Amino acid sequence: MTDAEAQTETTPFWRFSLHFYRQPGVSDACIALQDGCGVDVNLLLFLFWLADDGQLLSADEVRKLDDTVRDWRNLTIIPIRDARRKLKGAETLVEPGKQEAFRNRVKAVELEAERLQQEALYAFTQSGPLGKHAGPAAAARGNVSAYERIMNVTFAQKAMDVLLGAFDSLEQGHGAAAAAATLK
């Protein structure tokens with residue numbers, strides 16, 4: 001998807017995600033949490049996006065969101081990601097260049113599945129704010145903590161330092177929502 005398509009065909013949450021994910025170290029931190037703890041990166045990004053608007057969720061609210069997206073994640077995103085990863089460098093009967101081209105198409109399908117999940121999450125916000133109001137920094141930390149509690153894990157400190165640092169930097173630079181709005 002090009003930036004022009006992202007600007008016209010997607011939600012503010014998707015634009016925030018694209019902007020936030022491009023910050024130094026964020027993609028690696030998200031993948032580390034995904035692979036190391038089973039984090040749903042889309043849900044994690046949603047929690048940061050809500051925090052950017054000062055929305056602090058309880059563990060029960062995060063659990064309901066996770067329960068809501070679980071079937072989609074398990075049916076589409078995880079198996080597509082697994083197929084894409086297995087194709088990388090695998091020796092098969094298909095010529096390597098053609099296999100890599102196919103893997104890139106699978107990657108595009110994976111990205112579309114993630115975008116659809118994000119659209120569905122965004123739809124939850126259309127009936128009004130979720131959670132209670134807090135400052136963005138406190139909401140970010142609280143939302144991540146609630147996610148850790150429902151997963152019964154402690155997220156890797158190094159990854160969290162990167163993510164929270166990137167979030168704080170966006171906030172200091174006039175807010176991530178404002179930055180993402182420039183992508184409109």
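What order do you get for 49, 14 when you list them from fewest to most C-beta neighbours inside 10 Å?
So the ranking, lowest neighbour count to highest, is 14, 49.
Let me have the 222 nm mean residue ellipticity of the chain computed from DSSP H runs of 4+ only, each contributing -39500 (n - 2.57), with the sum over all residues rounded to the nearest 500.
-23000 deg cm²/dmol
Report, in listed order, any pair from 132/158; 88/158; 98/158; 64/88; 107/132; 107/158 with a Cα-Cα distance greater than 32 Å. Write out the running numbers ahead of the final one.
Details: 132/158 28 Å; 88/158 27 Å; 98/158 37 Å; 64/88 34 Å; 107/132 36 Å; 107/158 27 Å.
Cα-Cα > 32 Å for 98/158; 64/88; 107/132; rest within.
Find the all-direction average of the projected area of the Cα convex hull for the range 24-75, expressing the result in square nanometres with one decimal place.
Averaged projected area of the range 24-75's Cα convex hull equals 4.1 nm².
With a 10 Å Cβ neighbour count serving as the proxy for reagent exposure, in which order, fewest first, do 17, 145 appear?
145, 17
Extending each Cα 7 Å along its Cβ direction at residue 37 and residue 123, get the distance between those two points in nm, one decimal.
Result for the modelled spin labels: 2.8 nm.
Could you derive backbone 3J(HN,Hα) for the range 91-96 from the dihedral phi with the Karplus parameters 6.51, -1.76 and 1.60 (θ = phi - 60°), listing whole Hz in sequence and x where the residue is Gly or Pro?
Once rounded to whole Hz, the list reads 8, 10, 6, 7, 4, x.
When a footprinting reagent is the concern and you count Cβ atoms within 10 Å, what order do 130, 163 take, fewest first?
On the way: 130 20, 163 24.
Sorted ascending by nearby Cβ count, the order is 130, 163.
Compute the angle between helix 136-151 and the longest alpha-carbon principal axis of the chain, please, reported from 0 to 90 degrees and rounded to the nearest 10.
60 degrees
Counting alpha carbon pairs within less than 8 Å and at least 6 residues apart, what relative contact order, in whole percent, applies to the chain?
44 percent
Hey, what's the Cα Rg ratio for the chain versus the globular rule of thumb, 2.2 N^0.38 Å?
For the chain, the normalised Cα radius of gyration is 1.05.
Mind checking the angle between helix 78-87 and the chain's longest principal axis? C-alpha axes, 0 to 90 degrees, to the nearest 10.
Between the helix axis and the principal axis of the chain, the angle is about 40 degrees.
Throughout, read-outs are computed from the coordinates displayed, never taken from laboratory work. Not measured: the values here are computed from a predicted model. Glycine gets a Cβ as well: all are built from the backbone with ideal geometry, and neighbour counts include every protein chain shown.
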